[in-house]
Structure formats: structure tokens, C-alpha cells
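To start, the structure under review is shown below, and the notes come after it.
The values are calculated or read from the model by the stated rules, or taken from the named source; none is laboratory data. Being a predicted model, the structure only gives us computed values, none of them experimental. Cβ placement follows ideal geometry from the backbone for every residue including glycine, while neighbour counts extend to all protein chains displayed. Heavy atoms of the whole protein, side chains included, go into the accessibility calculation; ligands, DNA and RNA do not. Shrake-Rupley method; radii C 1.70, N 1.55, O 1.52, S 1.80 Å.
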Amino acid sequence: MNRGDAAETRRRARHRDCVPPPPWLTLVPPSDRWRRTDADALLSRLEPTLCWAGVTRVSEVTHLDRVGLPVFQAVRPMSRSLAVHQGKGRCEADARISAVMEAIEGACAESVQADGPRCRFDALVQDARLPRFLDYGEVRPSQTQWRDAPIRWHAAERFPHGGHVFVPFDTVSVDFTFDGDSPFARSSLGLGAGACLEDATVAALLERIERDTQAYWLKSGMAGQARARVDPHTIDAPWFPGLEAALADLGIAIAVYVVESAGRLPTVMCRLDDPGYAPSFLGAACRPDPDDALFRAFAEAAQSRLTLISGTRDDIAPDEPTQAGHRALGAPTGTGADWRRVRDAYCARPSLDALCARLADDGVHNMARCDLSPPGGAVSVVRLWVPGMLGSEQCL
């Protein structure tokens, strides 16, 4: 850390002393308790990896909004995808590690090089083909003839049972500087990072499940969405009433929805509506603990607000801040679900092996995983593919 960064850190520390966290936030328990290493311990060993990833600044944007949820940004000026990565959490350390881990994921997926053949799908050895590839949601709807042309392939691990398979390199890499169009829906979906390979795999797997469930929920229409809405009076998480009251004081309405996902996990969607600000903001999270999923879904929605308020993300469309409402949602209606029943139904916190066993019971087999971890061993990064789950194109 140079002198300028140290001075900035001291200035922000003094500022935070003057702006205490919202009272409800102090009641939120730690998130992601399945991880092997907490945020503070992991941050302390990541400085060499951040230099390798090209991160030049980690800054706080929390107080650009009125909500008060900690949100940080990690900046990579030489990125070949996003240059600004965001993270959020219940405290500064959680938000900071969230931002830098996203930046590291991007750097790893940008720098990977194709290590497989360039050929048509049918030219691959049968055992090296990804089963039901068209069901993976990675192919753009307009590119149904992708099998007729040679493409680049990358080696992956059959997961969790071992063995090898090839996946299209364009679904591994997020380097968007190359010329030409791709038949695949390229995104960061399925990237996960953690202190070890298991943590990274769990993070990637939960994101895949979350996006798949959210996509189906959005496609269910107003009636389907309304049936999943939670009665807020049944949400007995200690921090939620305080959050709801604080948002009401700010003129922001919150709506919560919950849907059972693959692997019998809860996926929670949280919507924030502010009459003084045009768009609605939707966040989603899949976690073994429903209360944790609820907080992370709210945090995702709050971070989305700050994405537009700060204006620093380089993937914001010019007209996005003026869009009148979330394009996939109607007015919040219905109060069908009792949160207490949801919480009681998902009391277990399964390990990675248990998650894979649950998915197998639901017919999800033959996943594929690439280890994209950066040098140094301080952090692990993976890319995960799950058969039958929708990709980024279908989540729009």
C-alpha cells in the first residue's frame, strides 16, 4: 500500500467513525458460514494476488446511497472485461472481500488460454463431449447451427466423479477484446472464488442454482411471481423489521419472494421500489440458510442501486438509469408464503458432497469444472457448468 492509499484509508476510517452503521445492520449474523476462512483472514493474504490481477484501487461507495449497506469497488484499469467490480456485505471486511474476489475471478477468466483442439463438436471423442450441451443454456438462441463450424475447446473436469471433458473455450474466457462473434452467451456466470477449491466450487454452484431459479421465476409471469411472495409479517429474522422500517422512512418499499431450487435449496428474490428513482431493483441469492439468502438478496438489490447511483460500472447502458421499472416484473402483488415455514424446511447446511448428492437426486448429473486459480495459492477460482440449468441469456 502506497502513501496515498494509506492516507485515503485513514480518511475513510475517520469518516466511518462519524457515520455509524444502521442499527438493523448490527443484528445481521455472519454470512456464508460454510466457508473455511473468514473475510479478514483472507484479505490479509491477498495483496500479491491483487497485484497480479491488476487491481489498482479498492474504494468504498456506501454513502453515495441512503441505505447504508457497505458496498466497495475494486478497479482494474487494464481489464479485458469489466474494469470496475463491486462487492457488498454486512460489514466493511465482507464488502471489501466480495469486491476483490470478483476482481480476481475476472482476472483469472480473462487470462486463461485454450488448451483443447479446434474442431467441430462431432469431431470430439465421445467420452470427451459434454452431455446435453444444448441444455446448458450457454448457446445463444439465434445460433442453433453452432455444431456445423469448428470452435475452440478447453479441458474441464467431470464433476464430482472425475474424468475429463471439453467445454467451449468461449464459455470459459471473459476476454472480450478478441475479434468476431461467438455462438455462446459469454458472461461471468458460474465463476466462483474462495479460500480453497471446495469454497470456490460451492460459491459457483450456488450462483448457478440461483440464476436458474430466478430465470424460471421471472418467466412465470405476474401470477407465478405473486404466489412466491412472502408475507413480511412472518419474517422473524431479528434484523428484518428494522430494515423494513428504515427503508420505509426513506420511501423505499421492499418485497420478498422465495422459490425452492434444485437440490432442495431456497432461492430468495428481493425487490426494492423507490418512487423517487425510476428503476426497480431486484436481487437474488441461493444459500442453505434462508435468513442468509434473504440478507444477500437484499444486499444484491441495494448494490444494484449503487451501481447506477455511482455510475462507475462500465457495463451500464446509456438509457438504463431512466428505465421505468424493472423490465421483467409487474407491480408487487400477493403474500403467499410464510417465512417461518420456509426457514424450518431448510434448517440443514449441507457440505459440497451433500449438495452434489441432492442435485443428483433431482437428476442433475455430469457437471463440469475448470480450475482457473491464480498463481500463489492464496485463493482458488473455478468455472462451473451444470446440465439443464439456464445460462445468462435466459436470465435477461
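Calculate, for Ala128 and Ala354, the FRET efficiency according to 1/(1 + (r/R0)^6) with r their C-beta to C-beta distance and R0 25 Å; round to the nearest 0.05. For R0 = 25 Å, the calculated efficiency reads 0.30. Spacing of the modelled spin labels on Ala253 and Asp361, each 7 Å from Cα toward Cβ, amounts to 3.8 nm.
Taking label positions 7 Å along the Cα-Cβ direction at both Phe176 and Ser220, the computed distance is 3.1 nm, reported to one decimal.
What's the carbon and sulfur percent of region 216-286's accessible surface, probe 1.4 angstrom, rounded to a whole number?
Carbon plus sulfur share of accessible area: 57 percent.
At a probe radius of 1.4 angstrom, the accessible area of region 171-260 per residue rounds to 37 square angstrom.
Estimated at 0.36 nm per residue, the fully extended path between Asp40 and Arg340 surpasses their Cα-Cα distance by 104.8 nm. Only protein heavy atoms count here; under a 1.4 Å probe, Thr234 has an accessible surface of about 10 Å². For a paramagnetic label modelled on Arg66 (point 7 Å from Cα along Cα→Cβ), amide N atoms under 17 Å away belong, within region 233-272, to 243-255, 272.
When the residues Phe166, Phe176, Phe295 are ordered by accessible surface, computed with a 1.4 Å probe over the protein chains alone, the sequence from largest down reads Phe176, Phe166, Phe295.
The separation of region 85-103 from region 202-230, counted between C-alpha centres, amounts to 24 Å. Only protein heavy atoms count here; on that basis, with a 1.4 Å probe, Asp38 has an accessible area of about 90 Å².
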